[in-house]
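The values are calculated or read from the model by the stated rules, or taken from the named source; none is laboratory data. Since we're looking at a predicted model, the values are computed, not measured. Methodologically, a virtual Cβ is constructed for each residue, glycine included, from the backbone with ideal geometry; neighbour enumeration extends over all protein chains shown.
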């Protein structure tokens, strides 16, 4: 029988815990599901102004947070174009300081507070789908528990607090925002030990500006730690990722006072960067469901209000619904009233954030003139939400600031045009805000007229639904097969058709799948399937003869028709995901997994291109047939007669949500990964022939709890997790044992894996549901698995 509760919240970070606490205190049954195992990090600059700290206090988590010894920011200093202003934050409910606590520590403290309040927070619990009743109303969730077993929970209200890539939003049909604005800026930041920790800088949040960059310095956690953030044009994210230290030095030189503050800093972290900071509103309430936090609304982080707003949204939704749970009509009215209140609260800062992130930016001399004319704590009050931005940047002040800027620099045509656009935009924004306060409708996107930066591309792909543990693993049974047909594609490449000896069809498979082939000599090799997925009578592989290899390819080239081998699989760690457009990049024999992918993409009429590179034409199997069949979609790059293709330009031309699939030599794949680093909105999938170098210098011993075997084994430094597990279960399945094939996959029940394989894509390295023990280890002292 399915479990029944009052509310299920999907997502256990800021918004989810903030909603769970007041509901649990009111005696409601609340289950919070999160796929992560905490503590778990997430990309964030994690600043809270006093108004945000009060939300933490309301949750009962402040004592835990303060035990982490964060710096207490009591002042805001703003430096723009020669104008400087320092303000003390106003006190809110007895709190007059802001804090900046890394999310890995902060979110764990919030979860502890939610549990203390009585909420049932379940980690490593991955939602599969939203269940509906006969009327189409959201009525529950199906999820995978830490063991991988599917379970159901029924509830009056399902709440998505699962971020921008919200599965709940996707499942209720609200994946696409109804209004959005593309950020013109990127974020690049790092941590360091501050040399000025004993000065006034230890309590001062600093903001500085140039013509195109906003810089921040946040005193951090623990006391003495400092976070420095640059928000320049979004194109700079690629520069920061390709040569981070050179980028950092250049940006520091643009802000002399910041460079002075950070001079002598030690213990610098790596540089983190993202350009994925669109602002948007999703429809956030419907029959039996609601979206809170980033799942429903996000504004640019330049305002530092994301976490505060997420916690505020969660708390306010709980206050709206706690007395009407179990009453569907009243509940739906309550969630709609909450969404309307959220929009009225957030719309002014949404517009202000869009204005702040425009490139070219508002002229610094105009902002400087406004800064010189403000009173009291007005600038810091914007960050506090004590005053709307339009209450500081009033028309009289903008006009006076514009006149001052013209007097200082002269009536330059460019400046006059910027001022005219700014004035018209501010007028329309104020008109919209008045309408939003009186009309009971969601305000539609009004585009560039109100400063929304154009973003016409698709919104990316909805998140993939999780699969039940074990369903995607290699078949444990092996099957005998006969080589029914062998033929040469080129002098060095041979295809083999494999049919089962017992005459039965092969298991179903999809583009990207591969098999293990056990050869008569005892050798074991993995090969991608390159035939038609619909043909279950035979499996087709293509083998490149490698005289300098380990002998497997030569043996396969010498097998005659009628020879027998043993096959395990198929399995798929390289599946073709749904995307509006594909870029396939193949090097030599790396074309093999692409063949069924190209056929699948072509069958759906999705746009796709193939860039096929090799040392010479005779090293390009299937090239002639691909060109004949697909024409201009196929670009052949012969190194003997052509220079290197412009991979960066190919990736840059892709729309948001596109997918790149690459297979070939390591140098090619490394280049693709590097060039795609600046495209957070494009998914890159790599399948390697050879493993990447595995780090080992930071290894620590850890324990593995093998739940199914009812045993615990220690993994010392220098021993793989797989070898340690074999002391308990000698026949564990494994093929390549170097992190490439996926045959040793195990389900993780508790703990955080240290993924070192070449299967899990970089964007999924935070996964805590599976791991590959042949190369991966544990981030915790103990890890529990289903084995």
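A count restricted to the range 373-388 and to residues that are surrounded by 17 or more Cβ atoms within 10 Å (Cβ to Cβ) and part of a helix (DSSP H, G or I) stands at 7. Residues of the range 328-361 that are touching a strand residue (DSSP E or B) at 6+ places or on another chain (Cβ under 8 Å), at pLDDT below 95 and surrounded by fewer than 20 Cβ atoms within 10 Å (Cβ to Cβ): 343, 359. Applying the criterion of at least 1 residues that are in contact (Cβ under 8 Å) with a residue 40 or more places away in the chain and in contact with a helix residue (DSSP H, G or I) (Cβ under 6 Å, 6 or more places away or on another chain) to the strands (runs of 3 or more DSSP E) found wholly in the range 505-550 leaves 538-544.
A single member of 195, 222 is farther than 25 Å from residue 445 by Cα, surrounded by fewer than 19 Cβ atoms within 10 Å (Cβ to Cβ) and at pLDDT 90 or above, and it is 222. If you check 303, 317, 325 for being crowded, with 24+ Cβ neighbours inside 10 Å and in contact (Cβ under 8 Å) with a residue 12 or more places away in the chain, only one passes: 317. Please list, ordered by residue number, the helices (runs of 4 or more DSSP H) wholly in the range 33-124 having 3 or more residues that are in contact (Cβ under 8 Å) with a residue 24 or more places away in the chain, within 28 Å of the chain's Cα centre (by Cα) and within 30 Å of residue 765 (Cβ to Cβ). The helices (runs of 4 or more DSSP H) meeting that bar are 50-59, 103-117.
Residue-by-condition table, conditions (1) surrounded by fewer than 17 Cβ atoms within 10 Å (Cβ to Cβ); (2) more than 13 Å from residue 584 (Cα to Cα); (3) touching a helix residue (DSSP H, G or I) at 6+ places or on another chain (Cβ under 8 Å):
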{"position": "620", "(1), (2), (3)": "no, yes, yes"}
{"position": "643", "(1), (2), (3)": "yes, yes, no"}
{"position": "649", "(1), (2), (3)": "yes, yes, no"}
{"position": "655", "(1), (2), (3)": "yes, yes, no"}
{"position": "659", "(1), (2), (3)": "no, no, no"}
{"position": "663", "(1), (2), (3)": "no, no, yes"}
{"position": "670", "(1), (2), (3)": "yes, yes, no"}
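Among the candidates 8, 53, 21, 32, the residue that is modelled with pLDDT of 95 or more and not assigned by TED's automatic domain parsing to the domain that holds residue 309 is uniquely 53. Among the residues of the range 714-729, at least one is surrounded by fewer than 20 Cβ atoms within 10 Å (Cβ to Cβ), part of a strand (DSSP E or B) and either free of Cβ contacts under 8 Å to residues at least 40 places away in the same chain or in the same structural domain as residue 682 (by TED's automatic domain parsing) (or both). Against the definition (modelled with pLDDT of 80 or more and in contact with a helix residue (DSSP H, G or I) (Cβ under 7 Å, 6 or more places away or on another chain)), how does residue 485 come out, yes or no? Criteria not met by residue 485.
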